[in-house]
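> Got a structure here, written out as structure tokens. Questions coming.
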Amino acid sequence: MTIDLRHPLPGAHPLVVGAGRSGIAAARLLRRHGLGVRICDIRSAAEAVEAANVLEGIGVDACWGSNDASMLEGCDVVIWSPGVAITHPLFAAASAAGIPVLSELELGALASHAPLVCITGTNGKSTTTDLTGALIRAAGREVEVCGNIGRAICDVAEHVGPSGLLVVEVSSFQLETVHRLKPFIAAWLNLTPDHLDRHGDFATYGGAKQRLFERQDESDWSVWNADDAEVTCRRTGHAEPLEFSSRHAVGAGAFVDGGEIVLEWRGGHERLMPARDVKLRGPHNLMNVLAALSATLPLEIAPPTLREVLADYGGLEHRLEPVAVVDGVQFVNDSKATNVASLEVALDSYDQPVVLIAGGRDKGQDFMPLRDRANRTVKTAVLIGEGARRIAQAWNGVPVLHAPTLAEAVRLAYEAAKPHGTVLLSPGCASFDMFKDYEDRGRQFKAEVLRVMRAEAQA
């Protein structure tokens, strides 16, 4: 047995709970450090063939179809995957036995050599995280973008040297089980109700986000959305604060003044560029840009580099992604919109009415606040999945069609949008009732659009 993590683990006999992407990454890291690793997952090996093969190949003791308290026997530290709720009995059993429980995020942070730039919030995390990484990369610094986006932090934590940076998208699920996480830079983008089926209530959800900042000190930096009262009322920690706003000037950070993006930093005042020259479109993306700029201010990236990246950066897949124009009808993939707030942002991005494909697992959300906006912006709503009835009931007055499959939804939406409309997939719900994840949903949508395009070409 060898342990040479940069920051020692509180135990030498780990149990990893959950054999998804994060759990496998944690197991890999622990095995690289010579530890015997047990992993448990409620699925059978037959249901998780790929994961089972990977774990067998790296010498992990995998317990399939079981995750009860017996898994703790002989273990002195637990690594918790974000996909497993902390209401699980195994969490309570570990706590009762005095066994430390760490998130995969914290394990990666303990192993990392590079400082962490962590970005959390309800919406915009992936785009802001990826853009922050692009700004740092353009400045010539070594950087890995990881966490909830791309690769798990445990897979990349040891690949970046002390002079580089890890830019990490952080979810509330990951933050439930952090104890020593101390980012060099931490940013909070926004806060609206989400994941209430997991956290129980809005206060608990917000409290999980706050944990990102609690261990920062005066040598660190915190970044806050000055336009979001739910964020500003939860400011915590001792880091040096930075802010961003599209409405007013801030003392230190990034804001918009007279249509220009302005940076305020250590007494300096840089009018960076007109906001219209930013390639990312929509008011929500402008806030993402301001957040990324604020998060990189302590790194002192040259303004010409910032301007060049912002003029060229086009965003991520599944975030208001143009897919195709078929016989005058534009198709847009916003599958990443998994909650009401994201759906609201998508609808606000269009001046003309759209044909909206929405629905899925709604996570206990209230769609009523979007009724007036939907009546203005949605020509027809094509609804799918478990949340379809709930949305239809909330949006009285919006013409509604129901579709049993995404393929049928795309067909109905295409007919409703003719001759020159927009079909927008922005579900406002989770995907797990019909799809593997939001990426699977978005790619199936694009495949159906391609099928429509081929059919039109042959007609």
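The values are calculated or read from the model by the stated rules, or taken from the named source; none is laboratory data. Source: prediction; values computed, not measured. Glycine also receives a Cβ, built like all others from the backbone with ideal geometry; neighbour counts cover every protein chain displayed.
> Taking residue 434 as the residue in question, decide whether it is modelled with pLDDT under 95 and either in a loop (DSSP other than H, G, I, E, B) or not assigned by TED's automatic domain parsing to the domain that holds residue 285 (or both). Talk me through it step by step, then tell me what you get.
On the way: modelled with pLDDT under 95: yes; either in a loop (DSSP other than H, G, I, E, B) or not assigned by TED's automatic domain parsing to the domain that holds residue 285 (or both): yes.
So residue 434 passes the test.
> Given the condition more than 16 Å from residue 334 (Cα to Cα) and without any contact (Cβ under 8 Å) to a residue 40 or more places away in the chain, answer yes or no: does some residue in the range 439-448 qualify? Steps first, please.
Step one: filter the range 439-448 for residues more than 16 Å from residue 334 (Cα to Cα), giving none.
No: the range 439-448 contains no residue that is more than 16 Å from residue 334 (Cα to Cα) and without any contact (Cβ under 8 Å) to a residue 40 or more places away in the chain.
> Conditions: (1) buried (at least 23 other Cβ atoms within 10 Å of the Cβ); (2) out of contact with any strand residue (DSSP E or B) (no Cβ under 9 Å at 6 or more places or on another chain). Residue 413 meets all but one. Number of the miss?
All conditions are met except number (2).
Here is a yes/no grid of residues against (1) β-branched (Val, Ile, Thr); (2) closer than 25 Å to residue 302 by Cβ; (3) outside any helix (DSSP H, G or I):
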site	(1), (2), (3)
236	yes, no, yes
243	no, yes, yes
255	no, yes, yes
262	yes, yes, yes
279	no, yes, yes
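> Output the qualifying pairs, or none if there are none: Cβ atoms under 6 angstrom, residues six or more apart or on different chains, first residue in the range 141-152 and touching a residue at least 40 places away in the same chain (Cβ under 8 Å) and within 19 Å of residue 24 (Cβ to Cβ), second residue assigned to a strand (DSSP E or B) and not acidic (Asp, Glu).
147/168
> Let me ask something additional. Here is a check on your reading of the model: is residue 47 surrounded by fewer than 16 Cβ atoms within 10 Å (Cβ to Cβ) and within 26 Å of residue 150 (Cβ to Cβ)?
Yes: the conditions hold for residue 47.
> Does residue 128 count as touching a residue at least 60 places away in the same chain (Cβ under 8 Å), part of a helix (DSSP H, G or I), in the same structural domain as residue 285 (by TED's automatic domain parsing) and within 21 Å of residue 235 (Cα to Cα)?
Yes; evaluated as a whole, the condition is true for this residue.
> Does any residue of the range 278-291 turn out to be of a type in the set (A, V, I, L, M) and farther than 15 Å from residue 246 by Cβ?
Among the residues of the range 278-291, not one is of a type in the set (A, V, I, L, M) and farther than 15 Å from residue 246 by Cβ, which makes the answer no.
> Next question, about the same structure. Pull up the range 348-364, narrow it to residues that are modelled with pLDDT under 95 and touching a Leu at 6+ places or on another chain (Cβ under 9 Å), then point me to the one that is surrounded by the fewest Cβ atoms within 10 Å (Cβ to Cβ).
Across the range 348-364, the extreme among qualifying residues is 364.
> Sticking with this one: From the list 374, 392, 407, which one is in a helix (DSSP H, G or I), assigned by TED's automatic domain parsing to the domain that holds residue 446, closer than 19 Å to residue 452 by Cβ and over 22 Å from the mean Cα position of the chain (by Cα)?
Matching residue, one of 374, 392, 407: 407.
> Hey, among the residues in the range 129-184 that are of a type in the set (Gly, Ala, Ser) and closer than 25 Å to residue 437 by Cβ, which one's surrounded by the most Cβ atoms within 10 Å (Cβ to Cβ)? Spell out the reasoning first.
Step one: list which residues in the range 129-184 are of a type in the set (Gly, Ala, Ser), which gives 133-134, 138-140, 147, 150, 152, 157, 161, 163-164, 171-172.
Those left that are additionally closer than 25 Å to residue 437 by Cβ: 133-134, 147, 150, 152, 157, 171-172.
Values: 133: 25, 134: 18, 147: 29, 150: 17, 152: 26, 157: 27, 171: 20, 172: 24.
Filtering the range 129-184 for residues that are of a type in the set (Gly, Ala, Ser) and closer than 25 Å to residue 437 by Cβ, the one surrounded by the most Cβ atoms within 10 Å (Cβ to Cβ) comes out as 147.
> When you check residue 323 against the structure, is it surrounded by fewer than 22 Cβ atoms within 10 Å (Cβ to Cβ), in contact (Cβ under 8 Å) with a residue 60 or more places away in the chain and of a type in the set (Val, Ile, Thr), yes or no?
yes
> What pairs can you find where one residue is in the range 192-207 and closer than 18 Å to residue 232 by Cβ, the other is part of a loop (DSSP other than H, G, I, E, B) and among the charged types (D, E, K, R), and their Cβ atoms are less than 6 Å apart, with a gap of 6+ or different chains?
206/234
> Right, next: Could you please let me know if residue 248 is on the phi > 0 side of the Ramachandran plot and outside the structural domain of residue 77 (by TED's automatic domain parsing)?
No, not satisfied.
> Please state which one of 85, 48, 96, 92 is in contact (Cβ under 8 Å) with a residue 60 or more places away in the chain and within 28 Å of residue 197 (Cβ to Cβ). Before you say what the answer is, go through the steps one by one.
Numbers: 48 fails: in contact (Cβ under 8 Å) with a residue 60 or more places away in the chain; 96 fails: in contact (Cβ under 8 Å) with a residue 60 or more places away in the chain; 92 fails: in contact (Cβ under 8 Å) with a residue 60 or more places away in the chain.
Criteria check complete, one pass: 85.
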